[in-house]
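The values are calculated or read from the model by the stated rules, or taken from the named source; none is laboratory data. Predicted model only: the values in this text are computed from it and were never measured. Every residue, glycine as well, gets a Cβ built from its backbone with ideal geometry; the counts of neighbours run over all protein chains shown. SASA here: full protein model, heavy atoms, side chains in, ligands and nucleic acids out. Shrake-Rupley method; radii C 1.70, N 1.55, O 1.52, S 1.80 Å.
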Amino acid sequence: MRKTLSVLLTAAMATSMLVACGSSSTQATTTAAAPAETKAAETQAATTAAPAETVAEVTEAAKAAEANGETITVGFAQVGHESDWRTASTNSVQSALSKENGIDLQFVDCDNDSAAQLEAVRNFIQQGVDYIVIDPIVSTGWDTVLTEADDAGIPVIVIDRTIDDSDKYVSWVGSEFTNEGLAAGAWLKAYVADKGISEVNALVISGTTGSSAQIGRSNGFDKYVEEEKWNKIDEQTGDFTQEGGQKVMESYLKSYEGKFNVVVCQNDNEAFGAIDAMKAAGVSYGVDGDVIVISFDACTAGLQKVLAGEINADFQCNPLQGPDCLNIIKKLEAGETVDQKTFMAEPWYVAEDKLKDIAYTNNSGKEVTEPLVVVDQAVVDAAY
Ligand code: GZL
């Protein structure tokens, strides 16, 4: 990484972070981090912090640097374009890792294809990018390619989903997916008690099999299935898409119509598809219906369905990791250490105001009580 440019970038990013920091939803619940282990980061460690420059001077100089082909190149291997959540995630990263912030972003939409994602990362390594950002489609199969990136001295930042078979990356920013599943179970337990519903016969439409989001949400909810002795009739993947949610629900209706009173969709787009299928079959759902609908993500369209009473509860998964990515790169360029893990702040949304909060033991073994946010138009308008 060229020192001149890193000095310019630090000042430019410091300015952009002053603007962006209000929008970043990152909660600094992080673990102390060892300095980034990559060769590039060690090189950066020698870089001293830049004296403050005026934005105009920096922008002009950054433009000059760019004209000389001296900008920071970042390769981003994104999961795909399967959901509203994914669109918000892509927009967040592209807005933060922008030319205005001194970044030349090489974006690859891997279309939910793990082989294509590994190939995209290898291409970034061959290109000699300065940083690689990955949202991993699945959580395993990563150590070989991350070793290649490490050997090439290219720091890797992981966002959203986790990589569980390698630690060769400098930082991860994302969600505690098991807590999302636990919160959904805790809410359902309180909800059926409040409604006097004695039996839970649940169907699950899970996310992309092997993704940490699917694994965490399933594990968290299953803890309640076991403890509360609920009847989980079936679990099939809808691959986080609306079409997948509709197809699985159509199949469920053929096999289990009249035998279930809860459907858990592991993202909003699956819930939209499941709702379309139930509507077509004349099965009532939502606040005034026979089937309780639980969803995850809490995107704008999902919260609109909570407001309409079609979804009973929607557990947010926050997609806005762009500012965090920029901040991590800024810190590495300045030779600073970065947090190894950063968890996003994520509210839980409900359609009815009877329950105020939920209490459960989270994935860290801590007893927590967390508020439930009743959705109104202002909540929908403020959604990502
Ligand atoms: C979760 C994210 C999931 C969302 C889906 O962090 O990876 O993938 O829940 C998206 O909407 O497709």
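For the pair region 281-308 and region 337-384, the centres of their Cα atoms are 18 angstrom apart. Only beta bridges with both residues in region 289-384 are counted; by DSSP, about 55 percent of them are antiparallel.
Between residue 108 and residue 276, the simple label model (points 7 Å from Cα in the Cβ direction) yields a spacing of 3.1 nm.
On a per residue basis, region 65-127 carries 42 Å² of accessible surface, using protein heavy atoms and a 1.4 Å probe.
Restricting attention to region 87-233, the count of lysine pairs at 8 or more positions apart or across chains with alpha carbons under 27 Å apart stands at 7.
The loop-placed trypsin sites (Lys or Arg not before Pro) in region 226-294, going by DSSP, that have at most 12 neighbouring Cβ atoms within 10 Å of their Cβ come out as 229, 259.
A 1.4 Å probe, protein heavy atoms only, puts the accessible area of residue 226 near 150 Å². Stretched out straight at 0.36 nm per residue, the stretch from residue 116 to residue 301 would grow longer than its current Cα-Cα span by 63.6 nm. With the whole protein complex present, residue 272 retains an accessible surface near 20 Å², based on a 1.4 Å probe. Fully extending the segment from residue 197 to residue 91, taken as 0.36 nm per residue of separation minus the present Cα-Cα distance, adds 34.0 nm. Between the amide H of residue 341 and those of 31, 172, distances stay under 5 Å, these residues lying 5 or more places away or on another chain, with hydrogens modeled in the peptide plane.
Separation of region 112-168 from region 198-229 is 28 Å, based on Cα centroids.
So for 234, 135, 109, 290, what's the accessible-area order with a 1.4 Å probe, most first? Display every interim value, and only then the final one.
Numbers: 234 35, 135 0, 109 60, 290 115 Å².
The ranking, largest first, comes out as 290, 109, 234, 135.
Does anything in region 298-326 have its amide N under 12 Å from the 7 Å Cα→Cβ label point of residue 284, and if so which residues? Answer for this model: none.
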